1. Can you find a residue in the stretch 77-96 that is part of a loop (DSSP other than H, G, I, E, B) and farther than 15 Å from residue 158 by Cα?
2. I need the full set of residues from the stretch 106-157 which are without any contact (Cβ under 8 Å) to a residue 40 or more places away in the chain and buried (at least 16 other Cβ atoms within 10 Å of the Cβ), in order please.
3. Considering 141, 109, 155, which residue is in the same structural domain as residue 53 (by TED's automatic domain parsing) and closer than 19 Å to residue 57 by Cβ?
4. Name the pairs: first residue in the stretch 74-90 and in the same structural domain as residue 133 (by TED's automatic domain parsing), second residue part of a helix (DSSP H, G or I), Cβ to Cβ under 7 Å, at least 6 apart or on different chains?
5. Could you check the stretch 48-65 and list, in sequence order, the residues that are touching a residue at least 60 places away in the same chain (Cβ under 8 Å) and surrounded by 14 or more Cβ atoms within 10 Å (Cβ to Cβ)?
6. Can you pull out the residues in the stretch 114-126 that are more than 15 Å from residue 59 (Cα to Cα) and modelled with pLDDT of 90 or more?
7. Have a look at 137, 145 and point out the one that is within 13 Å of residue 42 (Cβ to Cβ) and either at pLDDT 95 or above or not in a loop (DSSP other than H, G, I, E, B) (or both).
8. Would you check if residue 74 is surrounded by 16 or more Cβ atoms within 10 Å (Cβ to Cβ), over 23 Å from residue 49 (Cα atoms) and over 13 Å from the mean Cα position of the chain (by Cα)?
């Protein structure tokens, strides 16, 4: 039974014949629903600030992905932040073709903006007049491919945040 379950998870659909004999889906579970199309890129949020003197800071990563550890197999609460970034970025990428006005009013845009604002207010000791964020994608551990900029927000004044 264990061997049959193992083979029925194979991505090649020829192995679905095994599952077709299990009419109610009880004996041969389908665990492929986790990633029918697995993600091939990581999304990153970067930000920069505008000082009260009008100087732009360099781009910096708003949240760095936590390196995986063995204990994360059991407990990994920081993964929720990574998942939130991934979901917000995916929603934004779906709205981008609809135009800038739709992007700026999208809930995912407001969520990312608030996330960046919180990081800035928690980690920036000097006064800031505004900020800007960028959504980028990378292939993760494959360093032969350059990261790609997907979306850059306009500068957001602190009084309007």
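The values are calculated or read from the model by the stated rules, or taken from the named source; none is laboratory data. Just so we're clear, the structure is a prediction, and the values are computed from it rather than from any experiment. Neighbour counts run over all protein chains shown; Cβ positions are idealised from the backbone, glycine included.
1. Just the residues of the stretch 77-96 that are part of a loop (DSSP other than H, G, I, E, B), to begin with: 77-78.
Now narrow it down to the ones that are farther than 15 Å from residue 158 by Cα: 77-78.
The answer is yes, given that some residue of the stretch 77-96 is part of a loop (DSSP other than H, G, I, E, B) and farther than 15 Å from residue 158 by Cα.
2. Of everything in the stretch 106-157, those that are without any contact (Cβ under 8 Å) to a residue 40 or more places away in the chain and buried (at least 16 other Cβ atoms within 10 Å of the Cβ) turn out to be 106, 108, 111.
3. Values: 141 fails: closer than 19 Å to residue 57 by Cβ; 109 fails: closer than 19 Å to residue 57 by Cβ.
Every option except 155 fails the conditions.
4. 88/108; 88/111; 88/112
5. 48, 49, 50, 51, 59, 62
6. Let us first name the residues in the stretch 114-126 that are more than 15 Å from residue 59 (Cα to Cα), namely 114-115, 118, 121-122, 125-126.
Selection gives 114, 115, 118, 121, 122.
7. On the way: 145 fails: either at pLDDT 95 or above or not in a loop (DSSP other than H, G, I, E, B) (or both).
Answer to the selection: 137.
8. Numbers: surrounded by 16 or more Cβ atoms within 10 Å (Cβ to Cβ): no; over 23 Å from residue 49 (Cα atoms): yes; over 13 Å from the mean Cα position of the chain (by Cα): yes.
Spelling it out, it is not the case that residue 74 is surrounded by 16 or more Cβ atoms within 10 Å (Cβ to Cβ), over 23 Å from residue 49 (Cα atoms) and over 13 Å from the mean Cα position of the chain (by Cα).
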